[in-house]
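Okay, so here's the structure we're looking at.
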Amino acid sequence: SSGAESSGAASSLAAPRAPLTVRSASLFQRGRRLRLTVTLREPLLSSRSLSRQHRSLCLLLERRRSGALFAQLCLAPPAGRDRGARVLLTRIARGRAGASRPIAAMIARPSIHRLSVTFTPARVGAAAGPPVSVGGGGTCRLLYPLRPRLARLHTPRLVGCLPARRGSSIFEGPSNRREIALTFDDGPWNDPPSIDFVNLLARYHVPATFFEIGSQISGYDPAGAVERRMLAAGDMIGDHTWTHPDMLTLSAGAQRSQLQLTQHAIKRATGFTPCLWRPPYGAVSSSLSALAGSLGMSTILWNVDPRDWSLPGVGSIEGNVLANARNGAIVDMHFGGGPRQQTLAALPRIITTLRSRGYRLVTLTTLLGMRLIYR
């Protein structure tokens with residue numbers, strides 16, 4: 001919440017080594033992300049060297065009104081075979097620290113004296129992953145600044161995104177990252193209600209991409225509440241045409257109308273203009289992709305199809321997705337157009353198994369490295 005918390009950077013000591021000296025520290029917001037930048041007086045060789053020296057570098061978070069410390073984010077060395085440093089979140093209640101858990105964060109080192117960590121505030125409230133044992137348990141020796149500074153935050157509003165690869169169809173994401181995008185077509189719908197998909201994914205902290213049929217929005221989500229919940233949960237919304245026709249049977253003018261009517265319906269409901277569209281039945285041509293590109297949308301297809309629309313059974317949907325999962329996969333499922341209880345029931349095992357294999361489940365915009373636009 002805006003201006004709700006205060007923060008400070010701290011170094012701690014659990015062995016007879018001098019504490020790190022912070023020259024400067026800043027925390028600022030860009031869109032949905034926060035970036036902490038710390039400059040030290042001495043070289044920071046690596047997170048492993050900090051661990052060996054029994055030192056730590058942490059961001060302390062305090063309540064604005066009470067001044068009570070409620071969490072800390074600390075730099076930690078890689079785990080297992082991982083090469084990159086990690087950020088561990090430790091919640092603190094009544095002066096007692098709970099278990100430390102890793103959160104998703106980007107760590108950069110512009111120089112040997114400077115470190116930056118980028119994360120979303122939501123990660124502080126919903127850290128995923130198993131508890132991590134952190135030894136040492138040192139006492140904080142040096143605070144910077146001496147008094148907490150107020151971090152003035154605001155709730156950003158997602159209004160759009162920039163398309164990738166205009167004029168060509170996209171079947172998959174990069175193969176060099178262990179990321180997979182779960183996508184859903186043909187909603188909003190009522191069997192089961194679309195909010196059931198949104199809530200289940202939120203419980204598992206999985207962002208997904210929903211491709212909507214514009215004419216169905218007024219019937220199944222007239223106030224736009226479900227769509228706004230999608231965006232608030234970190235999901236992405238795409239255009240799936242106005243009435244789900246085979247677009248190759250239409251004139252260029254009718255194709256444009258199908259796309260624009262849905263874009264406008266989504267924007268009216270949410271304030272967000274989609275930059276992704278998926279052709280019904282996968283029917284697309286280079287000229288149609290170019291038309292979508294002129295409207296600011298990338299054409300998205302898929303490379304994993306469990307054919308859940310045919311109601312093959314929960315086990316078949318699970319098995320198909322898990323057998324074909326690979327780096328950069330785009331999985332095409334459905335949350336509308338028929339009874340979709342099988343798809344909903346298949347999601348928990350799909351999610352937990354993919355995560356156990358080391359995959360990160362992301363939206364299409366994240367998978368493709370597309371820029372989101374906030375106000």
Selection status of residue 278, open to solvent by less than 10 Å² (accessible area, probe 1.4 Å), among the basic types (Lys, Arg) and closer than 30 Å to residue 325 by Cα: yes
Failed item in (1) under 28 Å from residue 215 (Cα atoms); (2) not in a loop (DSSP other than H, G, I, E, B), with residue 349 passing the rest: (1)
Filtered residue count, segment 198-212, keeping only those that are touching an Asp or Glu at 6+ places or on another chain (Cβ under 9 Å), open to solvent by 10 Å² or more (accessible area, probe 1.4 Å) and in contact (Cβ under 8 Å) with a residue 40 or more places away in the chain: 1
Hey, residue 232 open to solvent by 10 Å² or more (accessible area, probe 1.4 Å) and at pLDDT below 95 or not: yes
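So, restricting to strands (runs of 3 or more DSSP E) that lie completely within segment 86-179, which ones have at least 2 residues that are modelled with pLDDT under 85 and either of a type outside the set (Lys, Arg) or touching a helix residue (DSSP H, G or I) at 6+ places or on another chain (Cβ under 9 Å) (or both)?
Details: elements: 86-93, 96-103, 106-111, 114-119, 139-151, 158-161.
By residue number, 139-151.
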Output for segment 227-284, where each listed residue is in contact (Cβ under 8 Å) with a residue 60 or more places away in the chain and aromatic (Phe, Trp, Tyr): 272, 277
Tally of residues being loosely packed, with under 15 Cβ neighbours inside 10 Å and under 18 Å from residue 54 (Cα atoms) across segment 76-96: 2
Cross-chain or 6+ apart pairs with Cβ under 7 Å, segment 347-366 first and within 21 Å of residue 238 (Cα to Cα), then open to solvent by 40 Å² or more (accessible area, probe 1.4 Å) and not acidic (Asp, Glu): 360/178; 365/372
Among residues of segment 314-342, those that are open to solvent by 40 Å² or more (accessible area, probe 1.4 Å) and over 14 Å from residue 178 (Cα atoms), counted: 9
Only listed residue being surrounded by fewer than 19 Cβ atoms within 10 Å (Cβ to Cβ) and within 22 Å of residue 265 (Cα to Cα), chosen from 217, 195: 195
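The values are calculated or read from the model by the stated rules, or taken from the named source; none is laboratory data. Since the model is a prediction, treat every value here as computed from it, not as a measurement. Ideal geometry is used to build each Cβ from the backbone, glycine not excepted, and the neighbour counts take in all protein chains shown. Quick note on the areas: whole protein, heavy atoms, side chains included, nothing else; ligands and nucleic acids left out. Shrake-Rupley method; radii C 1.70, N 1.55, O 1.52, S 1.80 Å.
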